[in-house]
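S.K.: Attaching a single structure in structure tokens format; questions to follow.
Throughout, read-outs are computed from the coordinates displayed, never taken from laboratory work. These numbers come from a predicted model, not from an experiment. With ideal geometry, Cβ positions are generated from the backbone for all residues, glycine too; neighbour counts draw on all protein chains shown.
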């Protein structure tokens, strides 16, 4: 009896020991190493550095903060190997013992790359840990400099992602996988930027010279991100040079683009700015125009804490009237003709961000910022047509005036804990305080200014764990939109399974959005170029559910093929009903009609490098549909921006070490548009005189009933580092270190029309009109110091 | 360095014909000329033109016979539009029936270049609170039917003058969707305000009198029924290739049939 009791007690003790060992391997292998990796010259943290524990299969890569964590390291002396294609490999010996170590900052020496392709693949080098961000489009911002035809515009770049479509050539708004433009979130250093684009296709409001990293999540994103349903475009700004003044300046006849980074006391700072005012339209058409943006940041590193102050300002002004241009043509029918817009927009954000390494396994991030956007957008069309039957003049008029203000004060924080099984547990919260002001005047109906406020409080928890070739992530986000009392949850899971050179990825998640934007594409005279934000107070939030499956295959060490399929269910969407303008004057929410949507597609992308050629080629098949019960009998119709087939490529060739040639191609299905069936008079009435008036209105029984022809755009770019000549001598005189000349040829396929619309001309028929009738050749000059 | 540059240049020279060929193929693909109509869109949904009459029927209760009118036109196809065509329908059969008594009033076409070509009945006077039904028939067109109820005459309370404004409470009734207020001033001007009925019984108004005009002498308030309110406030866009909802308050065709009632008050400031 006693013997059996002793035996069972021994067995029980061993079981307990084994249980706790399995539960907490860190008790047996306690060590974790974390730290930053930075450039020895500039001090800038480096993204995508491989950190490998030699002699093991343990490793990690630095994240967007240049931070890495390697867990589960056996105690004793180990060697860490740091490798990155643009830097010399470095080894660091570490004596661990039974403790966790924070290495602070490991400095790498940059290498000179001669004749190599420009690296564009996000996972540079050999990444040990495969990310589970199944729908991530990540590019090095060097592309914005090497491919001049992108116009140094972030949004022009993301259009070459197979997941992105646009609804209008002149609208900067974009759709991601069948969702609406207002469902895209854009953040600069974690600050949400509303309407992050200049007006009418003049590009993003972010100076490419200050961008360090561009990542776009087009679905399946983590519980950390909330408030938008379709995509997250996350931009990281540069930190600044720690020891010298460096910069780049690009003058032109219409303005300048510049950036300078420099040491500032014990920290670093960066200032950048752009200013554009086109002289030619100002002189010829008297068209007032101004596009400007300024960005500044200050970063300081304490021992375990980094703080970053960011400030941002963008201003747009345009006063355009085609009548000032038409006067140069003697067209009697266009007498007293006026069409255009007058728009004022102001965008600004200011924030303070901290990142503290509390222990090598525990990281705390806090962020407080204020972001605001104001716009007053007037569009107008006025044409006088002679009625030869009744011998009177008929004035056709269409006028709109949209005013919108959104202000967002946000406080957020998250805590990351790195533990066994390569596990990262992240918890956090976010508090948004919103203020809105709106006024919509349409045609002859004067709008009433409404003011509103709302608060959104969110919490999330997320766990990521690596078990051999399997990397799994699960999270949940819970939010409450005050003054509502209910909490709504958004579960999200994703996984990645590495099988040799192939990786299988899956993701599923639910997403809710509490802000809506009024779609004025069918109402305003000029293309919609801004989102007009409204809170969905007292209404069901926008809701979508994503299911994504994908395969990644390493074709070679530097070439990767991905095939991704997705299904999106959008059970809650809203449409603005402009026919109901009587209620619109009372409350803007009365304009909203709830409906649903769905989207599906397959995307294929081959990206990487082959010799001196780098870039990507992508094809996508997609379908996006909408249905609203009070609209077209609730039948499904194609969403704006739907493009069944799209083929896109962006390729760069390092012709010589000093010359980069590039080509961009878009070959896509045309957009669904609405063709009119007829005309009918729209009557007006003057009660004082008891007289009526009238003007013509189109009859459009069905929305998006035709598909425009295939769109084809091909552009070439050329960038050359100057070694001689006037430009080179000028840069030497100015004390610059380098100077560049760029050439672009756009609209190469100028003999092929990409119709933007169709006029009906009596006795002739439909005529498809487009712009860009001739190739556009442009040149640029820039200096770096 | 020299040798490697030669390698790069020779690479370009050997392969440049490929790039030129690709460009030529791309260049000539789908080539079309400015004077041609260009590539045409593909039809996704077969959408037919719905033939129909387009009417604007206005019942006006101002105490004057014959101030109501109806205009009758037709909707036309896109390819029917030209400079010389007329959309007027002059030979339509237009009748208004008083629902309560079934009395029918026939409206006749009158060519009037000042007011437009309209259908009138000089003896017809609508009454407050009464409902009327419009019927418009024309050969080869569907018949139009619509009903409208004359709103209660607008009223005001607690009116007063101050140095720079005329103040009063506008009494709103359920049967009125919108009020247009005109304060006529000596010297030829007027102060205007539009009031949408938000369901409340009264609305305080204070009409500011500009310095450059004389004293107010006449207050007119026009009350629109809900149909006319909806139609006249409907957003319209002239953008082509763009969907817009055609707001109509009649059955069997396009347009509107509604009522407006008039309140007038001479003022002694």
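S.K.: What angle, in degrees between 0 and 90 and rounded to the nearest 10, separates the Cα long axis of helix B:2-28 from the longest principal axis of the Cα atoms of chain B?
M.R.: With both axes taken from Cα atoms, the answer is about 50 degrees.
S.K.: Once you compute Rg and the Kirkwood Rh from C-alpha atoms, what is the Rg to Rh ratio for the protein assembly as shown? Walk me through the numbers on the way to the answer.
M.R.: Numbers: Rg = 33.9 Å, Rh = 32.7 Å.
Using Cα coordinates only, the ratio equals 1.04.
S.K.: Taking neighbour counts of Cβ atoms within 10 Å as a proxy for exposure, in what order, fewest first, do A:368, B:260 appear?
M.R.: Values: A:368 16, B:260 28.
Least crowded to most crowded, the residues run A:368, B:260.
S.K.: Which percent of the Cα-Cα distances in the stretch A:516-661 go past 21 Å? Can you show the working numbers first?
M.R.: Values: 6436 of 10585 pairs.
Summing the P(r) tail past 21 Å for the stretch A:516-661 gives 61 percent.
S.K.: While we're looking at this one, here's another question. Can you list the equivalent-ellipsoid semi-axes of the stretch A:689-785, largest first and in whole Å, using the square root of 5 times each Cα gyration tensor eigenvalue?
M.R.: Numbers: eigenvalues 503, 73, 28 Å².
Semi-axes (√(5λ), whole Å): 50, 19, 12.
S.K.: Just to be sure I understand the model, the point goes 7 Å from the Cα along the line to the Cβ. What's the resulting residue B:215 to residue A:88 distance in nm?
M.R.: 9.6 nm
S.K.: Ok, one more. Please state, as a whole number in µm²/s, the translational diffusion coefficient that the Stokes-Einstein equation yields for the stretch A:605-760 at 10 °C and 1.306 mPa s, with Rh defined as the Kirkwood radius across alpha carbon pairs. Let's see the in-between values first.
M.R.: Numbers: Rh = 20.8 Å.
Estimated via Stokes-Einstein, D reaches 76 µm²/s.
S.K.: With 10 angstrom as the radius, rank B:81, A:82 by how many other C-beta atoms surround their C-beta, starting from the fewest.
M.R.: Working: B:81 15, A:82 22.
By the 10 Å Cβ count, ascending, the order reads B:81, A:82.
S.K.: What is the calculated FRET efficiency for residue B:201 to residue B:104, with r their C-beta to C-beta distance and R₀ = 51 Å, to the nearest 0.05?
M.R.: On the way: r = 36 Å, r/R0 = 0.71.
So the FRET efficiency works out to roughly 0.90.
S.K.: Let me check I have the definition right: for the stretch B:186-260, take the eigenvalues of the Cα gyration tensor, multiply each by 5, take square roots. What are those semi-axes in whole Å, largest first? Before the final figure, lay out each step's value.
M.R.: Details: eigenvalues 215, 60, 31 Å².
Working from the Cα gyration tensor, I get semi-axes of 33, 17, 13 Å.
S.K.: Direction-averaged shadow area of the convex hull around the Cα atoms of chain B, nm²? If you can, show how the numbers build up before the last one.
M.R.: Details: hull surface 114.4 nm².
Quarter of the Cα hull surface area: 28.6 nm².
S.K.: Then there is this: How would you rank A:198, A:241, going from fewest to most other Cβ atoms within 10 Å of each one's own Cβ? Display every interim value, and only then the final one.
M.R.: Values: A:198 26, A:241 21.
By the 10 Å Cβ count, ascending, the order reads A:241, A:198.
S.K.: Can you compute the helix-only [θ] at 222 nm over chain A? Use -39500 (n - 2.57) per DSSP H run of at least 4 residues, normalise by all residues, nearest 500 deg cm²/dmol.
M.R.: Working: 7 runs with 57 residues, N = 785.
Per the formula, -2000 deg cm²/dmol.
S.K.: Just to confirm my numbers, what's the Cα centroid distance between the stretch B:210-247 and the stretch A:443-504 in Å?
M.R.: 44 Å
S.K.: Let me have the 222 nm mean residue ellipticity of chain B computed from DSSP H runs of 4+ only, each contributing -39500 (n - 2.57), with the sum over all residues rounded to the nearest 500.
M.R.: Working: 2 runs with 35 residues, N = 269.
Helix contribution divided over all residues of chain B: -4500 deg cm²/dmol.
S.K.: Suppose the chain between residue A:253 and residue A:733 were pulled fully straight at 0.36 nm per residue; how much longer would it get relative to their current alpha carbon spacing?
M.R.: Working: separation 480, 0.36 × 480 = 172.80 nm, distance 2.06 nm.
Gain in length upon complete extension: 170.7 nm.
S.K.: Which of the three applies to the stretch A:434-548, rounded, prolate or oblate, going by the alpha-carbon gyration tensor with a ≥ b ≥ c and a/c under 1.5 meaning rounded? If you can, show how the numbers build up before the last one.
M.R.: Details: a/c = 4.38, a/b = 2.00, b/c = 2.20.
Oblate shape, in that a/c is at least 1.5 and b/c is the bigger or equal ratio.
S.K.: Between residue A:569 and residue B:123, what FRET efficiency follows from the Cβ-Cβ distance if R0 is 41 Å, with the result rounded to 0.05? Numbers along the way, then the final one.
M.R.: Numbers: r = 62 Å, r/R0 = 1.52.
Result of the calculation: an efficiency of 0.10.
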